[in-house]
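Chemist: One structure follows; several queries about it will come next.
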Amino acid sequence: PASTLLKVTLNGNLSTEYNKVGEAFKANLNRAISAGDETLPAGTVFEGRISQLGRPGSLQAAAFLTMTLNSFAVGDKAISIRTNIVRRDGAVRATPFGEIWGKDLVLPPETALEFKLTKEVSYAVSR
């Protein structure tokens, strides 16, 4: 159903230094989700995209990434979904000269992210 929380962990690194807007990433579902007669098992692979990316800079500009999940795999079939946008912000640091600079943001593998479905999803599982 819409508003279902999808708690996932990243399969690989995401970084404001190396990734680009539009690049795909994969994440695994942390816990099984049941809706009606269907269950999406823990470990289900989701694919998402980086929707925005901000590189760090001077004047307190922190790096940021915004992401959405776009699909999940059921067998060899990809099921399209719509989720909210999740944003992660980087840190800023002060230099010994009083300047403040942003640092690149890195989300390592196993980083926990939480998305919410914005539209109901239906799919059939072959048995």
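The values are calculated or read from the model by the stated rules, or taken from the named source; none is laboratory data. Keep in mind that this is a model prediction, so the values were computed, not measured. Cβ atoms come from the backbone with ideal geometry, glycine included; neighbour counts cover every protein chain shown. What goes into the accessible areas is simple: the full protein's heavy atoms, side chains included, and nothing from ligands, DNA or RNA. Shrake-Rupley method; radii C 1.70, N 1.55, O 1.52, S 1.80 Å.
Chemist: Skip the ligands, DNA and RNA, and give the accessible area per residue of the chain with a 1.4 Å probe, whole Å².
Modeler: The answer is 60 Å² per residue.
Chemist: On to the next question. So which of K20/K77; K26/K103; K20/K103; K26/K77; K26/K116 end up more than 20 Å apart, counting from Cα to Cα?
Modeler: Going by Cα-Cα distance, K20/K77; K26/K103 fall outside the 20 Å limit.
Chemist: Still on this model: Largest first, what is the accessible-area ranking of E120, E38 with a 1.4 Å probe?
Modeler: Largest accessible area first, the list is E120, E38.
Chemist: Check cross-link reach from K7 to the aspartates and glutamates: straight Cα distance under 15 Å, and skip same-chain residues fewer than eight apart.
Modeler: The reachable aspartates and glutamates, counting only those whose Cα sits under 15 Å from K7, are E47, E110, E114.
Chemist: Computed from the coordinates I sent, Cα extents along the principal axes in Å equals one of (1) 44, 27, 25; (2) 65, 23, 23; (3) 62, 26, 21. Tell me the label.
Modeler: Computing Cα extents along the principal axes in Å and matching it to (1) 44, 27, 25; (2) 65, 23, 23; (3) 62, 26, 21 gives (2).
Chemist: Given Cβ point charges of +1 (Lys, Arg) and -1 (Asp, Glu) and nothing else, what value in debye, to the nearest 20, does the dipole of the chain about its Cα centre take?
Modeler: Around 120 debye, computed over the chain.
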